[in-house]
1. Just checking, does segment 83-105 include any residue being more than 15 Å from the chain's Cα centre (by Cα) and farther than 15 Å from Thr167 by Cα?
2. Condition first: of a type in the set (Gly, Ala, Ser) and surrounded by 17 or more Cβ atoms within 10 Å (Cβ to Cβ). Now tell me which residues in segment 136-155 satisfy that.
3. Looking only at residues in segment 95-109 that are part of a strand (DSSP E or B) and among the β-branched types (Val, Ile, Thr), which one is farthest from Thr50 (Cα to Cα)?
4. For segment 110-153, how many residues are outside any loop (DSSP other than H, G, I, E, B), closer than 18 Å to Thr41 by Cα and not hydrophobic (A, V, I, L, M, F, W, C)?
5. Among the residues of segment 76-131, which ones are free of Cβ contacts under 8 Å to residues at least 40 places away in the same chain and surrounded by 16 or more Cβ atoms within 10 Å (Cβ to Cβ)?
6. Could you please find all residues in segment 44-98 being at positive phi and charged (D, E, K, R)?
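Coordinate-derived values only; no laboratory data. What you see is a predicted model; the values in this text were computed from it and never measured. Here the Cβ positions follow ideal geometry from the backbone for every residue, glycine too, while neighbour counts run over all protein chains shown.
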Amino acid sequence: MNKPNTRTVVALAVAALLVFTVAFVGVLTVLVHKAGHPDPTVTAYAHGRTVTVEPFLYCTVKLEECKYGETVVLDVPAGYPLQLSLPKKIADAPWLAQLVYALPTGEKVDRVVSRNDFPAGALAVTIDSKPEPELRLVGVELQLPILARDDTGREFYVPHAAWSISTAP
């Protein structure tokens, strides 16, 4: 039997390398495709501290495949602003933020701001922690609402995604 010549050995090595490369790229493509996209996060900043806020609630717009997280705590001293940095996916959506303030008596006062209260496409928003002398910001929930309808035909909004921040320890 004849010994394979150098050209045959090189050709076999190149063919083996090509098969390995194609297989590697195929497996990598499948893994990347199955990895999906991470849920959007909000960055909150106040008084020298920054936190990443994962979704408290994140569902499809049909309210399916819901995932639940936790409220993030970020101390916002009275008089200091809370700044939220929004990813484009949220900034471009019709978002709203439920602001919860507390009076010295402990009574809660709710306020709502929305994308419409800021310049179009704003990627950062500032929330006043003390808009009035008696009010103190204690929490914020950023929401992506969808229109829902109950059995009687009444329409209302419910969030399909929310990011929750407690601003008072």
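1. Yes, because at least one residue in segment 83-105 is more than 15 Å from the chain's Cα centre (by Cα) and farther than 15 Å from Thr167 by Cα.
2. Step one: list which residues in segment 136-155 are of a type in the set (Gly, Ala, Ser), which gives 139, 148, 153.
Hit for segment 136-155 is Gly139, nothing else.
3. Filtering segment 95-109 down to residues part of a strand (DSSP E or B) leaves 96-102, 108-109.
Remaining after also requiring among the β-branched types (Val, Ile, Thr): 100, 109.
On the way: Val100: 20, Val109: 26 Å.
Once the filter is applied, the top-ranked residue is Val109.
4. Of the residues in segment 110-153, 7 are outside any loop (DSSP other than H, G, I, E, B), closer than 18 Å to Thr41 by Cα and not hydrophobic (A, V, I, L, M, F, W, C).
5. Just the residues of segment 76-131 that are free of Cβ contacts under 8 Å to residues at least 40 places away in the same chain, to begin with: 88, 91-92, 101, 103-123, 131.
Passing the criteria: Ala91, Tyr101, Val113, Arg115, Phe118.
6. Of all residues in segment 44-98, those at positive phi come to 47-48, 63, 65, 79.
Glu65, the sole residue that qualifies.
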